[in-house]
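The values are calculated or read from the model by the stated rules, or taken from the named source; none is laboratory data. All values derive from a computational prediction rather than experimental measurement. Here the Cβ positions follow ideal geometry from the backbone for every residue, glycine too, while neighbour counts run over all protein chains shown. To get the accessible areas, we keep the full protein, side chains included, count just its heavy atoms, and leave off ligands, DNA and RNA. Shrake-Rupley method; radii C 1.70, N 1.55, O 1.52, S 1.80 Å.
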Amino acid sequence: MKQKLLWLLVNLCRFVVAAAFIFSGVTKMIDPHGVEYKLQDYAEAFGLASLMPSTVAIVAGMLLALVEFRLGFCAFFGIYRRITARILLVFMLLFTPLTLYLALTNPVTDCGCFGEALVLTNWQTFGKNIILLLCTIVMVVWGRTRQLRIISESRQWIILIYSQIFVLCLGFYALWRLPLVDFRPFHIGANIPEQMQDGGDAEFVTTYLMEKDGKQQWFGLEDYPDSTWTYVDSKTEVIGELIPAAIDNLQMYDQTTGEDLTDMVLADEGYTFLLISPSLEDADDGHMDAYNRIYDFCQANDYRFLCLTSSNDSCVVRWQEMTGAEYPFCHTDNLTLKTMVRSNPGLLLLKGGVVIGKWPFTDMPDIDEDSPRLEQSELGRLHVEGNAKMALKFFLWFIIPLLVVTFLDRVWWGTSIVINRMRKKHNIVKQLNKKTMRKKIVAGNWKMNLNLQEGVALATELKEALAAEKPNCDVIICTPFIHLATVAGITEGTVIGLGAENCADKEKGAYTGEVSAAQVKSTGAQYVILGHSERRTYYGETVEILKEKVDLALANGLKVIFCIGEVLEEREAGKQNEVVAAQLESLYHLSEEQLANVILAYEPVWAIGTGKTATAEQAQEIHEFIRGIIAGNFSEKAAEEISILYGGSCKPSNAKEIFSKPDVDGGLIGGAALKCADFKGIIDAWN
Ligand code: PGA
């Protein structure tokens, strides 16, 4: 439940962040000049205007937009999840304090993070950033594996490159032409006089404080008292909501007379061309013939043509000299001009205060004095595509190829997942089939525990328990030498096999204290443990000695339980495979027939008697490796037939899981073999 909630939280946060960053990137990229102006505003507010010339601001703005878009896109599709989450966090850690500073000092009134599409105050931006910061923290802390992938890792690069190229094209298109979507109040179809009016249902209500006979009272206009009252004070309140006008500073002052032409131009029911240049010093003069031709066209047809600029008179004169401009000039606020059209110069066609057309200098209308009048031509007609329609077009252009690629990927991905699952299932089934052919064994290793009587009692108890309930595997007990003969009498004719824990590396003779393989065999035992880590460690048994022992045991008709396993340092150094491969060298000289009488026991030394068990996965991994070595040194068949037991803190509680692995064929049990109930519990793991 907790995991599910966490998963939901991570993905919710990731989509919130993705939406914000994609929107932010796209709205900036749609209007690089807008970002340029905003960056210049910031630079100016911080007294760094000289560091932010136009080109630097444009490049910086587009880079910022590209990075934002890429981060949002990666977060959305689950691409490079870890690094994306971290970069997003760094991004938010940088910008959140910065926006707090901006909110406190208010050097620029709106932050510009979503271009002109959504204008936020600095405090709103700070609030938004706090939310995004929290979301990115969630993504970094819990999101590593929980972020749902929408596209496969192997094909994510296709959509990533595609989307980046797409947004870059969007940016270059806006630079070369005009923003694809115009969010400003001068968009085509906009009624400028309407945009200049405040909105909302605000009313200004004035009340008056009056006094009579030392008594003061507030009155409205409707109940204004007679002249016996004297006026003391008044106040005016705004009731309702006041939405400030979208255009609040549009004035056109004739450059020569200083006369304000705004109302006249906006009220004119005829056509007016406005050539807009925030600064003539930086304006493009490569298309001056086009501007002059349009002016000639206006002259011939009696349309108004004005050039609006915020440059000073000397700049105007220089421009006139340079381009041969004969059209009249008006002074207008610089910021308003920049808002009117994102091109310097750009052209606006107005009729009755409505924006009929808009052109950048790269795409001026091809007209001259002989062209048909606007009333009769397409040019003079309003073609409002509308922001929504344009945005939809853009969205579809972007989204359809993206959907196609993602869909194909999902189909392909889904199919390959199913195929892989089937393959895996098939392999497991194959392996389990092989496993059922192998002997399943649980062997006990009593080590140097239990006296003869205790051993007899344990063997008897086990015999009775297994007689009552037949085991589903071979059961072996390996006892100290002194128990063997007596216990053999107990296990004879039962399902229990008997083994020794060691035998000598010499055939017979003057080896005081040693017990030969032949002597072991003579007790009635059928098995012998060789190569146990305790013997290797405490009694210096080497690969060579063990080779002798193995040969003698096999020659005397004993089956060998051959132990291998690494110590902790070797495991930590990742050398376990190397170690077990070297230990197995004691067996490489055997024939395949001899090997058929060997059972392997993988016992990581760090797990023996320590209570630490290897995980089932660790056991499976190394058992599979060991089987591979047997296949390489003997044959596939030998590898498939040899039983490999796991040993090391094996208990009734973990046996089932370990034994369930396809390459684990049972266990060699130490401590838990000393109690009948525990040992039986492990045997029952095979049921
Ligand atoms: P353990 O010993 O089960 O007590 O860890 C296993 C062994 O040494 O064979």
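Using a 1.4 Å probe, how large is the accessible area of His589, given in Å² and rounded to the nearest 10?
In the full protein context, His589 sits at about 80 Å².
Given R₀ = 45 Å, FRET efficiency for Asp198-Val141 by Cβ-Cβ distance, to 0.05?
Given R0 = 45 Å and the Cβ-Cβ separation, E is 0.45.
Long-range amide H contacts for Asp474: which residues qualify at under 5 Å (H placed 1.01 Å from N, peptide plane, sequence gap of 5 or more or a different chain)?
Lys440, Ile441, Val442
From the phi of every residue in the stretch 557-564, what ³J(HN,Hα) in whole Hz does the Karplus formula 6.51 cos²θ - 1.76 cosθ + 1.60 yield, where θ is phi - 60° and glycine or proline is x?
Each residue of the stretch 557-564 in turn: x, 8, 8, 9, 9, 9, 9, 9 Hz.
Using a Cα-Cα cut-off of under 23 Å, which lysines could be cross-linked to Lys680, ignoring same-chain neighbours fewer than 8 residues away?
Lys435, Lys439, Lys440, Lys447, Lys463, Lys470, Lys559, Lys612, Lys651, Lys656, Lys661
How large is ³J(HN,Hα) for each residue in the stretch 457-474, as worked out from phi by the Karplus curve 6.51 cos²θ - 1.76 cosθ + 1.60 (θ = phi - 60°), to whole Hz, x for Gly and Pro?
Running phi through 6.51 cos²θ - 1.76 cosθ + 1.60 with θ = phi - 60° gives 4, 5, 4, 5, 4, 5, 4, 5, 5, 7, 5, 6, 9, 5, x, 9, 8, 6 Hz.
If you project the alpha carbons of the chain onto their three principal axes, what span does each projection cover, largest first, in Å?
132, 80, 42
Give me the accessible area per residue for the chain, probe 1.4 Å, as a whole number in Å².
With the other protein chains kept in place, the chain gives 50 Å² per residue.
Work out the length of the dipole vector of the chain about its Cα centre, built from +1 on the beta-carbon of each Lys and Arg and -1 on the beta-carbon of each Asp and Glu, and round it to the nearest 20 debye.
5240
Between beta-carbons, use under 15 Å as the cut-off and find the net charge around Val404, counting Lys and Arg +1, Asp and Glu -1.
+1
Would you mind getting me the FRET efficiency between Asp282 and Leu148? Use the beta-carbon distance for r and R0 = 41 Å, nearest 0.05.
0.25
Using a 1.4 Å probe on the protein heavy atoms, what percent of the accessible area of the chain belongs to carbon and sulfur?
Answer for the chain: carbon and sulfur cover 58 percent of the accessible area.
Amide H to amide H under 5 Å from Tyr527: which residues, 5+ apart in sequence or cross-chain, H placed 1.01 Å off N in plane?
Under 5 Å from the amide H of Tyr527 lie the amide H atoms of Leu498, Gly499, Ala500, Lys559, each far enough along the sequence or on another chain.
Given the Cα-Cα distance of Lys508 and Asp370 and 0.36 nm per residue of separation, how much length would full extension add, in nm?
Taking 0.36 nm per residue and subtracting the Cα distance, the gain is 37.1 nm.
Simple spin-label model, 7 Å along Cα-to-Cβ: Lys212 to Arg381 in nm?
So the two model labels end up 6.9 nm from each other.
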